[in-house]
Amino acid sequence: MKKKILFLFIVLTLTLSACAPADNKDVPAITATPGSMAANNPEDAHMMEPITAPNVQPATESIGGQPLKFRVENGAKIFELTTKAVEWKILEGVKVTAYTYNGTVPGPLIHVTAGDQVRIIVKNDLPEPTTIHWHGVEVPNAMDGVPGVTQDPIQPGETFTYEFIAKPAGTFMYHSHFDGDVQVGAGLYAPFIINPKEPEANPPAVDKPLMLSEWRIKDGNTYAAMPASGMEPNYFTINGKAFPSTEMITVKKGERVRLRLMAIGQFIHPMHLHGMPFKIVATDGHPVPAAAQLTKDTISIAPGERYDIEFTATELGQWMLHCHILHHTTNDNVEPGGLMLMINVVE
Ligand SMILES: [Cu+2]
C-alpha cells in the first residue's frame, strides 16, 4: 500500500514538473540571501534576511539594562521609549546591527513598585512596525501588545501609549510581539522589575537582572538567531555582552547575591554556578515559599522563563557562572566566550 502511494506520488511529481513552463511567473523565484542561505518557502524568507535599517549609527551607550528615568504626572510614572536600530558591540571587535529600545541591548530597565500607575510612551523609529508585550505583568487586555488582537501594530514614525497598574511584584520583561522571532532576537527586549509595596526587610547586597540571548553573525551581517536550519546562533550574550565582555559581579565575603535570570532568546540555557549552591527564591516573578525553595547549582531556563536565585558568597575568589550547553560558552566556535560571567568574592 505504501509503495503504491509512493509510486503515484512520483508519477504525479514527474507529470507536474514536465507540464510546468520554463519561466512560470506564478512560482516565486528562490533567491539566495547573504550568508548563502536560500528560502524554499517564501514565509521563511523573513527570518533569513539580515537585520538592516537605513543609516544605522554606532550606539552612544555601551551598557544595556540601565534604569530608565521617569517623570511623574498626576501620580502616574511616565516612561519614554524609542525603538531604533544601532550598531551594538557585544564583544571587542564584534558588532551586531540591533533593534533596540533607546539604543541599548537589553533596553532600559523599567523599575517600579507594585500599585504604581505606569504610562509608557513608545515611539517607533524602526523601518518596520512593532508592538510591546509586558511579559508576565498583569495588564488590561488592551495593553497586552499583541498585534491584530489587542492593538494595531505601531507603524514606523507612529507613537503608542501603554498604561496600566504595575502588578504583581516580581521579575518580568518587556519585548516586541511583532515578528517576534526576528525582532526579539534582534535586541527588542528589556527587564521590567516590580518591587513589592512593602520594602524588603533584608534586601541582598547585589540584585542583578541577567538577560540571556543569542545572535547569528555571518559575513558581517547580523541575523536573528533561532532554532531553524541555517539560523543557529554563533554568539551568546548576557545583558547584550559575550564573555569576556560580560560584567564581573563583585561581592564581599558573607554578603547575599540575587541574580534574576531571564531567557529572552529561543534556546534553553542550563546555568551553572561554581563554588556555591543557590536557592530558587522566585519562579517567573512569583515568590517561592521558604520551605519549597530548592537548593541547586544548575538551573535550566527555557525561553520566556525567569528564575530569581540567591546565594551567600561564602568563598573568596573568582567563581564562574556559565551555561552548561558548552557550545554556548564560545564566540563563533572559539572557547571561552558567550554565556559566562565571573562572581568575584572579595574580603
Ligand atoms: Cu546555553
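The values are calculated or read from the model by the stated rules, or taken from the named source; none is laboratory data. Every value quoted in this text rests on a predicted model; they were computed, and no experiment measured them. Methodologically, a virtual Cβ is constructed for each residue, glycine included, from the backbone with ideal geometry; neighbour enumeration extends over all protein chains shown. Surface accessibility is based on the protein's heavy atoms, side chains included, excluding ligands, DNA and RNA. Shrake-Rupley method; radii C 1.70, N 1.55, O 1.52, S 1.80 Å.
Based solely on its DSSP helices, what 222 nm [θ] is calculated for the chain when runs of n ≥ 4 H residues each add -39,500 (n - 2.57) and the sum is averaged over all residues, nearest 500 deg cm²/dmol?
-2000 deg cm²/dmol
For Ile121 paired with Ser229, estimate the spin-label separation in nm (one decimal), with each label point 7 Å from Cα along the Cα-to-Cβ line.
Taking the simple label geometry, Ile121 and Ser229 are separated by 4.9 nm.
Working out 0.36 nm times the residue gap between Ile325 and Lys197, then minus their Cα-Cα distance, what length gain in nm do you get to one decimal?
Net length gain for the segment: 42.3 nm.
Based on the Cβ-Cβ distance of Ile165 and Asp207, what FRET efficiency does E = 1/(1 + (r/R0)^6) give at R0 = 22 Å, to the nearest 0.05?
0.40
How many Å³ per residue does the convex hull of the Cα positions in the stretch 206-346 occupy?
Looking at the stretch 206-346, the number lands at 99 Å³ per residue.
Calculate how steeply helix 2-19 sits against the longest principal axis of the alpha-carbon atoms of the chain, using the helix alpha-carbon long axis, and give the answer as 0 to 90 degrees to the nearest 10.
Once rounded, one gets 70 degrees.
Using a simple spin-label model with points 7 Å from Cα along the Cα→Cβ vector, what separation in nm is obtained for Glu347 and Asp152?
6.6
Could you give the length gained on full extension between Val56 and Glu247, defined as 0.36 nm per residue of separation minus the Cα-Cα distance, in nm?
Contour length minus Cα-Cα distance gives 66.2 nm.
Computing the accessible area with a 1.4 Å probe over protein heavy atoms, can you report the carbon and sulfur percentage for the chain?
Answer for the chain: carbon and sulfur cover 56 percent of the accessible area.
Using all alpha carbons of the stretch 57-195, what is the percent of pairwise distances in each 5 Å bin, ordered from the shortest bin to the longest?
Whole-percent P(r) values from 0 Å outward: 2, 11, 20, 24, 21, 13, 6, 2, 0, 0.
Where both residues lie in the chain, what percent of DSSP beta bridges are antiparallel, nearest 5?
75
Give the percent of DSSP beta bridges with both residues in the stretch 57-195 that are antiparallel, rounded to the nearest 5.
Close to 65 percent.
With a sphere of radius 12 Å drawn around the Cβ of Val112, what net charge do the other residues whose Cβ falls strictly inside it have (Lys, Arg +1; Asp, Glu -1)?
Net of charged neighbours comes to +3.
What size of dipole, in debye to the nearest 20, comes out for the stretch 281-332 about its Cα centre when the only charges are +1 on Lys and Arg C-beta atoms and -1 on Asp and Glu C-beta atoms?
80
About the Cα centre of the chain, what is the dipole size in debye to 20, counting +1 per Lys and Arg Cβ and -1 per Asp and Glu Cβ, all else neutral?
480
Starting from the amide H of Ala205, placed 1.01 Å from N in the peptide plane, find each other amide H under 5 Å away whose residue is 5 or more places distant or on another chain.
The list, which skips near neighbours in sequence, is Arg256.
Under a 10 Å cutoff between Cα atoms, tell me which one of Asp219, Asp332, Asp144 has the largest fluctuation in the Gaussian network model of the chain.
Maximum fluctuation in the GNM of the chain, among the listed residues, is at Asp219.
Run the count for the stretch 206-346, please: Lys pairs, Cα-Cα under 18 angstrom, 8 or more apart or on different chains.
7
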